[in-house]
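The values are calculated or read from the model by the stated rules, or taken from the named source; none is laboratory data. Bear in mind that the values here come from a model prediction, so they are computed numbers and not experimental data. Note: ideal-geometry Cβ built from the backbone for every residue, glycine included; neighbour counts use all protein chains shown.
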Amino acid sequence: NIVFLGSPQVAASVLDTLLAASSSPDSAFQVAAVVTQPPAAKNRGRKLLPSAVAQLALERGFPGDLIFTPERAGEESFLSDLKGVKPELCITAAYGNILPQRFLDIPPCGTVNIHPSLLPLYRGAAPVQRALQDGVAETGVSLAYTIRALDAGPVIACERFSVDECIKAPELLAILFNI
């Protein structure tokens with residue numbers, strides 16, 4: 001069992017890939033739960049709408065009671081729910097919240113983060129935008145274990161991409177999260 005954590009649209013593409021892979025008859029894993037940001041007021045009517053990740057999960061038929069939307073990842077009720085699904089591994093992609101040690105201690109295989117830079121370069125927020133501002137010729141995506149320090153865990157793997165001088169951040173993000 002894995003648990004996926006993510007929020008913006010780019011994270012929805014990662015979830016889509018995980019859900020497709022887990023539905024294969026020979027899949028080695030199942031997505032046990034999805035964790036994302038709480039619904040937010042959007043548009044003119046300020047109507048509460050689910051995050052792109054929650055919306056995609058619901059559209060793919062994922063059970064709504066297994067889509068968790070805590071305000072903070074350290075909430076006792078959320079941690080209790082997480083323990084209840086018994087994740088072996090958690091995967092994050094642009095989740096946007098710092099995970100407390102009590103969270104990190106739950107999955108026996110740890111938590112890994114899909115980060116859109118070649119770590120240790122561009123740790124933290126907006127790595128794609130910062131790489132483009134610096135005019136890099138190459139960037140990539142890293143898979144790294146999550147520890148309490150921001151984007152500082154051991155790197156498991158990375159994929160490199162050439163960057164052309166005309167590419168914009170949204171295009172690059174789409175490339176990096178659709179590996």
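Does the range 127-146 include one or more residues that are more than 21 Å from residue 15 (Cβ to Cβ) and within 17 Å of the chain's Cα centre (by Cα)?
No: zero hits.
Taking the range 76-98 on its own, how many of its residues are more than 16 Å from residue 15 (Cβ to Cβ) and modelled with pLDDT of 95 or more?
11
Residue 60 passes all but one of (1) closer than 20 Å to residue 177 by Cβ; (2) among the basic types (Lys, Arg); (3) over 19 Å from the mean Cα position of the chain (by Cα); which number fails?
Among (1) closer than 20 Å to residue 177 by Cβ; (2) among the basic types (Lys, Arg); (3) over 19 Å from the mean Cα position of the chain (by Cα), the lone unmet condition for residue 60 is (3).
Assess whether residue 176 counts as being modelled with pLDDT under 90 and either surrounded by 12 or more Cβ atoms within 10 Å (Cβ to Cβ) or outside the structural domain of residue 101 (by the TED database) (or both).
So residue 176 passes the test.
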